[in-house]
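In what follows, a structure is listed as structure tokens, so that the remarks can point back to it.
The values are calculated or read from the model by the stated rules, or taken from the named source; none is laboratory data. Just so it is clear, the model here is predicted, and its values are computed rather than measured. So basically every Cβ, Gly included, is an ideal-geometry build from the backbone, and we count neighbours across all protein chains shown. With ligands, DNA and RNA removed, areas are computed over all heavy atoms of the protein, side chains included. Shrake-Rupley method; radii C 1.70, N 1.55, O 1.52, S 1.80 Å.
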Amino acid sequence: YEALSYTWSTPTERSVITLSNNNNFQIPARLEAALQDLRMRDDLLVIWIDAICINQRNIEERNAQVQLMRRIYQQAIYVRIWLDMDISVDDPAIIKLQTLTAESAIEDLGSKPFFWAPVNKILENPYWKRVWIQQEITNASSLVL
């Protein structure tokens, strides 16, 4: 399975999806957008999503699941980070970012700060302000943005 890391909507921003058992299920509006983006028309995607896999109304279950989160994210094949923004993988800055390693030197960044503007947009995303991402990202064996 994969796991999803994303930002929730405000509690009033809700959407309804239909589960495989034909039951309607309320989810955060942003999650519906993420599911639309991640949906594979010709393939099955098994993905763990907190808002669906944890009964958010049951405090006892929610507290028990929080204790399992580390293992859930560690055992996921991928943790998909969904930022609710378009990222062009063909952008030179994104391509360059993927080539940097721990051995890269400061000179590898170049001398033109504006070159990195697309990366700045990613780093300014509200997603990075969530406290929970520390656990989701650090426990992931592999991340997909």
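Worth a mention:
- Under 5 Å between amide hydrogens, built in the peptide plane, is the criterion, and for Trp48 it picks out Glu2, Ala3, Leu4 among residues at least 5 positions away or on other chains.
- Summing charges over all other residues whose Cβ lies under 11 Å from the Cβ of Ile122, with Lys and Arg as +1 and Asp and Glu as -1, gives -2.
- Here the 3J(HN,Hα) profile of the stretch 7-13, calculated from phi with Karplus coefficients 6.51, -1.76 and 1.60 at θ = phi - 60°, is 9, 6, 7, 5, x, 7, 8 Hz, Gly and Pro shown as x.
- If both residues of a DSSP beta bridge must be in the chain, then about 40% of such bridges are antiparallel.
- Ellipsoid fit via the Cα gyration tensor, the stretch 87-133: semi-axes of 21, 14, 11 Å, each the root of five times an eigenvalue, largest first.
- Within the chain, helix-based [θ] at 222 nm, where runs of 4 or more DSSP H residues each add -39,500 (n - 2.57), nearest 500: -10000 deg cm²/dmol
- Once backbone amide H atoms are built at 1.01 Å from N, Leu143 has Val79 as its partners under 5 Å, excluding neighbours fewer than 5 places away on the same chain.
- Across all C-alpha atoms in the chain, the radius of gyration and Dmax reach 17.5, 56 Å.
- Alpha-carbon radius of gyration plus Dmax, which is the widest Cα pair, for the stretch 1-42 in Å: 11.1, 33
- Accessible-area ranking of Val144, Val89, largest first, probe 1.4 Å: Val89, Val144
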